[in-house]
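Participant: Before we start, here is the structure in question, set down as structure tokens.
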Amino acid sequence: MVTFEIQESRMVESPEQAIALLHPLRADIVSRLAEPASAAEIARALGEAPQRMNYHLKALEKVGLIRKVGTRQVRNLVEVLYQAVAKTFILAESLSLPAETLERLKEHGSLLQLVTTAEQMKKDAVMLMEEAETAAETPSATLQFQVHLKDGEERQAFIEEYAAMVEQLVNKYHARKQGAAAYRVLLAAYPKPGEGGDRT
């Protein structure tokens, strides 16, 4: 299998790539390919037919969002392995798409990043659980809360203040110290599923 370092983020500048990410199923496929996987594996995870999955994988490969990284022998079959070229994708302002489409892409891009973040947390948690068998202590902290925001303006104000406070806190403790351990901090804010309200 060919190994390559997946980028943390990639700027999306072509309309073809942007439109591919607007497709809910294709966006889900890309988010699940942070690690190499076959069409059969992704199909099982998403409850889709392998033939349909092959079609979408080829379309994503064609626009450069994923690439083939090798093959694997499974019984009498040879499976092709695919991997995304980046963990997250950022939409370029220069995209010549209608304003409505750009707005939908931006919203969907945020959800795609949320999925990627959740997958990263799950992966890290599993690794830490394995390490905990030999470690004396595995310090961690989890916070969960709910806030009610009446409209888009108040939501934007909350997110900006939330980001500024977190940045200030991280900067305070970020300086490397001799013998200090590195901690990953992942934060997210998103609408509670299944509830109405103004999200514009």
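The values are calculated or read from the model by the stated rules, or taken from the named source; none is laboratory data. Predicted model only: the values in this text are computed from it and were never measured. Cβ: placed from backbone, ideal geometry, glycine included. Neighbour counts: every protein chain shown. Just the protein is used for accessible areas: all its heavy atoms, side chains included, with ligands, DNA and RNA removed. Shrake-Rupley method; radii C 1.70, N 1.55, O 1.52, S 1.80 Å.
Participant: Could you tell me how many of the residues in segment 148-189 are farther than 26 Å from residue 128 by Cα and either open to solvent by 100 Å² or more (accessible area, probe 1.4 Å) or assigned to a helix (DSSP H, G or I) (or both)? Step through it out loud before you land on a result.
Facilitator: Taking segment 148-189 and keeping what is farther than 26 Å from residue 128 by Cα, we get 148-165, 168.
Checking which are either open to solvent by 100 Å² or more (accessible area, probe 1.4 Å) or assigned to a helix (DSSP H, G or I) (or both) leaves us with 148, 150, 152-165, 168.
Adding up the residues that qualify gives 17.
Participant: Could I ask something else about it? Any residue at all in segment 80-88 that is part of a strand (DSSP E or B), closer than 20 Å to residue 122 by Cβ and hydrophobic (A, V, I, L, M, F, W, C)?
Facilitator: Within segment 80-88, one or more residues are part of a strand (DSSP E or B), closer than 20 Å to residue 122 by Cβ and hydrophobic (A, V, I, L, M, F, W, C).
Participant: Return the residues of segment 20-35 that are touching a residue at least 60 places away in the same chain (Cβ under 8 Å) and farther than 20 Å from residue 5 by Cα; say none if nothing qualifies.
Facilitator: Let us first name the residues in segment 20-35 that are touching a residue at least 60 places away in the same chain (Cβ under 8 Å), namely 21-22, 24, 27-28, 30-32, 34.
Answer for segment 20-35, where residues must be touching a residue at least 60 places away in the same chain (Cβ under 8 Å) and farther than 20 Å from residue 5 by Cα: 21, 22, 24, 27, 28.
Participant: Still on this model: Go through segment 7-21 and count every residue that is surrounded by fewer than 17 Cβ atoms within 10 Å (Cβ to Cβ) and not charged (D, E, K, R). Before you say what the answer is, go through the steps one by one.
Facilitator: Going through segment 7-21, the residues surrounded by fewer than 17 Cβ atoms within 10 Å (Cβ to Cβ) turn out to be 7-9, 11, 13-16, 19.
Okay, now just the ones that are also not charged (D, E, K, R), so 7, 9, 11, 14-15, 19.
Looking only at that region, the number is 6.
Participant: Looking only at segment 71-96, how many residues end up being open to solvent by 20 Å² or more (accessible area, probe 1.4 Å) and in contact (Cβ under 8 Å) with a residue 12 or more places away in the chain? Quick ask: steps written out before the conclusion?
Facilitator: Going through segment 71-96, the residues open to solvent by 20 Å² or more (accessible area, probe 1.4 Å) turn out to be 71-80, 87-91, 93-94, 96.
Narrowing the set further to residues that are in contact (Cβ under 8 Å) with a residue 12 or more places away in the chain leaves 71-72, 74, 79-80, 87-91, 94, 96.
Total satisfying the criteria: 12.
Participant: So, in segment 35-52, how many residues would count as being closer than 13 Å to residue 81 by Cβ and not β-branched (Val, Ile, Thr)?
Facilitator: Here is the first cut: in segment 35-52, the ones closer than 13 Å to residue 81 by Cβ are 35-42.
Checking the rest, the ones that are also not β-branched (Val, Ile, Thr) come to 35-41.
Summing the residues that are closer than 13 Å to residue 81 by Cβ and not β-branched (Val, Ile, Thr) in segment 35-52 gives 7.
Participant: In a loop (DSSP other than H, G, I, E, B), under 21 Å from residue 122 (Cα atoms), in contact with a Lys or Arg (Cβ under 9 Å, 6 or more places away or on another chain) and open to solvent by 60 Å² or more (accessible area, probe 1.4 Å) - does that describe any residue in segment 29-36?
Facilitator: Scanning segment 29-36, I find at least one residue that is in a loop (DSSP other than H, G, I, E, B), under 21 Å from residue 122 (Cα atoms), in contact with a Lys or Arg (Cβ under 9 Å, 6 or more places away or on another chain) and open to solvent by 60 Å² or more (accessible area, probe 1.4 Å), so the answer is yes.
Participant: A follow-up question, please. Cβ contacts < 9 Å: first residue more than 10 Å from residue 28 (Cβ to Cβ), restricted to segment 45-57; second residue open to solvent by 70 Å² or more (accessible area, probe 1.4 Å) and in a loop (DSSP other than H, G, I, E, B), any location; separation 6+ or different chain. Result?
Facilitator: Matching pairs, first to second residue: none at all.
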